[in-house]
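What follows is one structure encoded as structure tokens, with my remarks underneath.
The values are calculated or read from the model by the stated rules, or taken from the named source; none is laboratory data. Being a predicted model, the structure only gives us computed values, none of them experimental. Heads up, the Cβs are rebuilt from the backbone with ideal geometry, glycines too, and the neighbour counts pull from every protein chain shown.
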């Protein structure tokens with residue numbers, strides 16, 4: 001039986017996710033080190049003892065795609081999907097595979113066919129979202145090093161993100177993003 005640990009700062013999400021996982025025959029454990037898969041509705045842990053499945057709101061997956069690409073998480077499933085999608089995702093991760101929710105793939109294909117870029121909350125690009133997530137207590141140099149880009153590129157993403165969020169500086173951008181629940 002596959003063991004799943006839930007990492008969530010929201011008790012309601014935790015309880016709902018637990019009920020779904022148990023309902024499809026999976027075993028929920030409290031200690032992530034005992035898990036075959038870690039399911040989270042928040043930030044991915046910096047170091048995980050098992051593959052991380054992010055259960056995401058439909059409006060927030062763009063930055064998660066980067067986390068999937070760089071290996072911080074192993075899968076994304078949208079929170080508003082049927083239980084079978086969560087079950088399939090957990091089984092895929094437990095078997096060493098990655099998982100990307102088919103509804104998200106369809107959304108990206110439709111956007112590509114229209115010739116538009118997929119945008120996240122507030123119209124931010126995935127990289128702008130990453131920069132905003134890293135703004136709190138980090139310098140532009142530290143953000144650049146973390147993302148593997150130049151400080152000039154960080155400044156460009158920051159200017160764009162501040163504008164799209166309707167903020168007046170980097171500190172205000174973090175506050176606005178937190179208030180809108182774009183970041184935690």
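Couple of notes before you dig in:
- Residue match in the range 56-67 (condition: crowded, with 16+ Cβ neighbours inside 10 Å, outside any loop (DSSP other than H, G, I, E, B) and more than 15 Å from the chain's Cα centre (by Cα)): no
- Where residue 87 falls short, out of the listed (1) in a helix (DSSP H, G or I); (2) at pLDDT 90 or above; (3) closer than 21 Å to residue 14 by Cβ; (4) touching a strand residue (DSSP E or B) at 6+ places or on another chain (Cβ under 9 Å): (4)
- Flag if residue 155 is surrounded by fewer than 19 Cβ atoms within 10 Å (Cβ to Cβ), part of a loop (DSSP other than H, G, I, E, B) and either touching a residue at least 60 places away in the same chain (Cβ under 8 Å) or on the phi < 0 side of the Ramachandran plot (or both): no
- Residues of the range 5-23 classified as loosely packed, with under 15 Cβ neighbours inside 10 Å and either under 16 Å from residue 74 (Cβ atoms) or in contact (Cβ under 8 Å) with a residue 12 or more places away in the chain (or both), total: 3
- When residues in the range 164-184 are screened for being loosely packed, with under 14 Cβ neighbours inside 10 Å and closer than 17 Å to residue 125 by Cβ, 2 of them pass.
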